[in-house]
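Asker: My structure is below; once you've seen it, I'll send some questions.
The values are calculated or read from the model by the stated rules, or taken from the named source; none is laboratory data. Please read these numbers as outputs of a predicted model, since none were measured by experiment. Heads up, the Cβs are rebuilt from the backbone with ideal geometry, glycines too, and the neighbour counts pull from every protein chain shown.
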Amino acid sequence: MAILRDIFTWWHGTTIGTRLFTARHGEKVGNDEFGNVYYRNADDTRRWVIYETESQASHVSANWHGWLHHTFREPPTELSLHNWPWQKERLPNLTGTEAAYRPPGSLVTHGQDVPGAAKPYTPWVPE
């Protein structure tokens, strides 16, 4: 079943096409702290990542993100980038979890007493 998943889905990880392309054209550049592996082709016109877990862009650190998008010429393994005191640690995508942001008046907070939340919508009913 895993082979069918690899052939027909991309969100669980690397597809067979990406694996073949990486084996044929990829030059490994490095790994990050999350286990992701970064590659480039011989003339450095294409750069890509093989995710350790699910394919989620928020699993890439800021330094590697800059390298992937050609902001930095050298990868973070060769270039030491300065972290500023105002920079925050990377957070994964929290959408769909209990830690997701829910603004006042959100439909998810309906029925809960949230300070500053708008009251639920009551439709007009003709008499």
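Asker: Consider N63 against the criteria (1) surrounded by 11 or more Cβ atoms within 10 Å (Cβ to Cβ); (2) under 19 Å from the mean Cα position of the chain (by Cα); (3) part of a loop (DSSP other than H, G, I, E, B): it satisfies all of them except one. Which criterion is unmet?
Answerer: It is condition (3) that N63 fails.
Yes or no, residue by residue, for (1) of a type in the set (V, I, T); (2) part of a loop (DSSP other than H, G, I, E, B); (3) surrounded by 12 or more Cβ atoms within 10 Å (Cβ to Cβ); (4) at pLDDT below 80:
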residue: T45; (1), (2), (3), (4): yes, yes, no, no
residue: W48; (1), (2), (3), (4): no, no, yes, no
residue: F72; (1), (2), (3), (4): no, yes, yes, no
residue: T77; (1), (2), (3), (4): yes, yes, yes, no
residue: S80; (1), (2), (3), (4): no, yes, no, yes
residue: P85; (1), (2), (3), (4): no, yes, no, no
residue: E89; (1), (2), (3), (4): no, yes, no, no
residue: T97; (1), (2), (3), (4): yes, yes, no, no
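One line per residue, one yes/no per condition, for (1) in contact (Cβ under 8 Å) with a residue 24 or more places away in the chain; (2) within 30 Å of T122 (Cβ to Cβ); (3) among the polar types (S, T, N, Q):
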position	(1), (2), (3)
R46	no, no, no
V49	no, no, no
L68	yes, no, no
E78	no, no, no
Y101	no, yes, no
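Every residue, every condition in (1) of a type outside the set (S, T, N, Q); (2) farther than 24 Å from T95 by Cα, yes or no:
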{"position": "R19", "(1), (2)": "yes, yes"}
{"position": "H25", "(1), (2)": "yes, yes"}
{"position": "E33", "(1), (2)": "yes, no"}
{"position": "R40", "(1), (2)": "yes, yes"}
{"position": "T45", "(1), (2)": "no, yes"}
{"position": "S61", "(1), (2)": "no, no"}
{"position": "W64", "(1), (2)": "yes, no"}
{"position": "T77", "(1), (2)": "no, yes"}
{"position": "H82", "(1), (2)": "yes, yes"}
